[in-house]
Amino acid sequence: VNAAVPGDTIEVDSGTYAEAVTVNVSDLTIDGANAGTNATGTRSAESIVTGTGNSGKTPFDITANDVTIDGFTVQDATNGNQFGYGIVLGVGTAGAHVVDNIIQNNIIGMDLVNNSTTDQAVIQDNLFQDNNAAGASSGTGIYTDQYDAGATVSDVLIDSNTFKNNDTAGIGFSSSDATKADTNITISNNVFNGNAQGMYALNLTSSSVTSNTFENSTQAGEGDI
């Protein structure tokens, strides 16, 4: 990443990497060994980016626009003082594509931000499972609130992911500020299986939740949609 320029693609071999990667180059693609392979399908040996051996730090901290993370296992972000998310989409960023990843065993799977109405974020074909390490807001696959996002989250596609065994919810929209209501979010074709809540949504407007499967939840979902 330090040597990259916008438009580059970085290819990462299979193996285990105890890394805290700050992705600060826009329009950058980082491909793991399973780039292009759905996270719930048959996979080859994984490129695993882990907080284990790295003080439980967040494996991917994205601070630039239009970054793609494709085909990794991202796990073991267990230090709440170092974000606690497997993947962080930084405040003010837009256009991230997080696809074909297994995101597991973190405090929270991913922090959702998209600060644009025209540059869509795409979260697709991932597996969010067992993100239950101890910490604030633990047990959520994808999480956002007005503090994490810094502004309204808008223009996001969350499609064809699997959310499994997260002890709070598969997806949590937690903005308590109606002036920063999240908007234009499409949640489609996902499978929610064995989470406490499939999803909850507070101050989510002008959005759609369609063609999803919710099963084996242990609590009712909630929301102000």
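The values are calculated or read from the model by the stated rules, or taken from the named source; none is laboratory data. Only a predicted model underlies this, so the values are computations on that prediction, with no experimental measurement involved. Note: ideal-geometry Cβ built from the backbone for every residue, glycine included; neighbour counts use all protein chains shown. Only protein heavy atoms, including side chains, enter the accessible area calculation; ligands, DNA and RNA are left aside. Shrake-Rupley method; radii C 1.70, N 1.55, O 1.52, S 1.80 Å.
Just a few scattered comments:
- Residue match in segment 59-68 (condition: at pLDDT 95 or above, in contact with a Ser or Thr (Cβ under 8 Å, 6 or more places away or on another chain), open to solvent by 50 Å² or more (accessible area, probe 1.4 Å) and under 22 Å from Ala136 (Cβ atoms)): yes
- Listed by first and then second residue, the pairs with beta-carbon distance under 6 Å, at least 6 apart or on different chains, first residue in segment 112-140 and farther than 20 Å from Ser175 by Cβ, second open to solvent by 50 Å² or more (accessible area, probe 1.4 Å) and part of a loop (DSSP other than H, G, I, E, B), are Asp125/Asn38; Leu127/Thr40; Gln129/Asn165; Asp130/Asn105; Asp130/Asn165; Asn132/Asp167; Ala133/Thr78.
- Within the span defined as segment 40-54, every residue fails to be farther than 19 Å from Ser14 by Cα, out of contact with any helix residue (DSSP H, G or I) (no Cβ under 6 Å at 6 or more places or on another chain) and in contact (Cβ under 8 Å) with a residue 12 or more places away in the chain.
Results for (1) touching a residue at least 24 places away in the same chain (Cβ under 8 Å); (2) under 17 Å from Ile87 (Cβ atoms); (3) in contact with a Leu (Cβ under 8 Å, 6 or more places away or on another chain); (4) buried (at least 18 other Cβ atoms within 10 Å of the Cβ), shown as yes or no for each residue.
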{"site": "Asp145", "(1), (2), (3), (4)": "yes, yes, no, yes"}
{"site": "Ala149", "(1), (2), (3), (4)": "yes, yes, yes, yes"}
{"site": "Asn165", "(1), (2), (3), (4)": "yes, no, no, yes"}
{"site": "Thr183", "(1), (2), (3), (4)": "yes, no, yes, no"}
{"site": "Ser188", "(1), (2), (3), (4)": "yes, no, yes, no"}
{"site": "Met199", "(1), (2), (3), (4)": "yes, no, no, yes"}
{"site": "Leu204", "(1), (2), (3), (4)": "yes, no, no, yes"}
{"site": "Phe214", "(1), (2), (3), (4)": "no, no, no, no"}
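- Qualifying residue in segment 216-223 (condition: of a type outside the set (A, V, I, L, M, F, W, C), surrounded by fewer than 16 Cβ atoms within 10 Å (Cβ to Cβ) and out of contact with any strand residue (DSSP E or B) (no Cβ under 7 Å at 6 or more places or on another chain)): yes
- Scan of segment 72-82 for residues that are under 13 Å from the mean Cα position of the chain (by Cα) and either part of a loop (DSSP other than H, G, I, E, B) or at positive phi (or both), ordered by number: Phe72, Ala77
- The residues listed here are Asn115, Asn79, Asn132; of these, the one that is of a type in the set (S, T, N, Q), under 21 Å from Asn184 (Cβ atoms) and out of contact with any strand residue (DSSP E or B) (no Cβ under 7 Å at 6 or more places or on another chain) is Asn115.
- Taken over segment 19-50, the criterion of being open to solvent by less than 50 Å² (accessible area, probe 1.4 Å) and in a strand (DSSP E or B) is satisfied by Val21, Val23, Thr29, Ile30, Asp31, Ser47, Ile48, Val49, Thr50.
- For segment 83-115, the set of residues classified as modelled with pLDDT under 95 and either in a strand (DSSP E or B) or among the hydrophobic types (A, V, I, L, M, F, W, C) (or both) consists of Phe83, Val91, listed by residue number.
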